[in-house]
Amino acid sequence: MAQAGEAIIVASALHTGYDGQEVLHGVDLTIGAREPAVGIVGPSGAGKSTLVRALVGLRPPYAGTATYRGRTVSKLRRGDKKEFAGAVRRVSQDGVPTSDPRLTVEKYLTAALKEARRAGRTHASTPEGLLEFVALEQHFLPRTVRTMSGGERQRLALAHALATRPDVLILDEPLTAIDPGLRSEILRRLKTLTTDLGISVLLVSHDLESVERLCSRVHVLADGVIVATGPLSQLLAAPDHPVVADLAAAAPLTAQRLR
Ligand SMILES: Nc1ncnc2c1ncn2[C@@H]1O[C@H](COP(=O)(O)OP(=O)(O)OP(=O)(O)O)[C@@H](O)[C@H]1O
């Protein structure tokens with residue numbers, strides 16, 4: 001388990017994009033061990049998911065670096081890759097495989113727990129416990145993943161990511177298909193991850209309510225650049241960048257409540 005304060009993932013002057021077309025223009029970001037959840041917000045197309053992909057090694061930098069414990073994420077060697085896969089987990093909107101019609105929830109979670117043990121991350125989680133955490137009933141265990149609703153699948157993806165008890169959990173719009181009541185409950189449980197298990201969470205979301213509830217600090221990304229950082233309520237109360245003002249204007253009730 002990582003020591004508090006240790007920098008686990010660091011993006012430094014990071015530039016990256018697709019097919020030579022730059023999307024991120026020099027982003028600096030650190031995710032430390034056992035730190036309170038951090039949010040990333042910003043307009044559609046700002047580069048939030050691209051940043052997440054770069055942090056987990058799926059977009060190599062054009063310039064600058066993205067490192068995991070000092071090692072370049074996109075160039076990890078085989079042993080380091082295994083360690084990284086257990087220590088840093090990403091959940092995206094549609095992260096559960098549905099191509100195998102026979103894949104059951106139980107098989108999916110059991111495989112994840114086996115993989116976690118192979119990566120040297122031993123703990124007492126079970127498929128039942130993982131389901132319980134994401135508020136899915138036990139009768140889902142024999143169900144095939146394909147037959148689950150979008151919101152159920154999102155919760156399963158979260159349960160799967162937690163199988164390794166990662167040091168860092170990166171959530172890219174993970175709760176979009178979940179109804180507000182349940183979302184609120186899941187957020188409450190996610191909050192306990194940091195306090196009880198020492199898992200650092202990075203949350204990317206358009207839902208400012210969720211971000212405010214979970215994250216003590218946010219980065220606002222606009223056109224591939226971080227334009228503001230701080231507690232969301234403070235940023236919305238006194239926007240000092242047009243994109244932050246737009247966020248406050250687009251979610252007036254949230255902004256008002258946070259003032
Ligand atoms: N696979 C891809 N190939 C080419 N361009 C891409 C690809 N994925 C994203 N882009 C482009 O990169 C830019 C940033 O996209 P990204 O998905 O990172 O934005 P985002 O902030 O996550 O947006 P949203 O909030 O809508 O999910 C956009 O202009 C998008 O069209």
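Values in this text are rule-based calculations from the coordinates and carry no lab data. Computed from a prediction, not measured in an experiment: that's the story for all the values here. Quick reminder, even Gly has a Cβ in these numbers, built from the backbone with ideal geometry, and neighbours come from all protein chains shown.
Structure summary
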| item | result |
| --- | --- |
| Leading residue by the ranking (nearest to the ligand (Cβ to nearest atom)) among those in region 15-52 that are charged (D, E, K, R) and under 20 Å from the mean Cα position of the chain (by Cα) | Lys48 |
| Options Ala66, Ala54: the member that is under 27 Å from Leu190 (Cβ atoms), in a strand (DSSP E or B) and touching a Leu at 6+ places or on another chain (Cβ under 8 Å) | Ala66 |
| Leading residue by the ranking (farthest from Ala33 (Cα to Cα)) among those in region 80-94 that are among the basic types (Lys, Arg) and in a strand (DSSP E or B) | Arg90 |
| The one condition in (1) surrounded by fewer than 18 Cβ atoms within 10 Å (Cβ to Cβ); (2) out of contact with any Pro (no Cβ under 7 Å at 6 or more places or on another chain); (3) under 25 Å from Gln3 (Cα atoms); (4) not β-branched (Val, Ile, Thr) that His160 fails to fulfil | (1) |
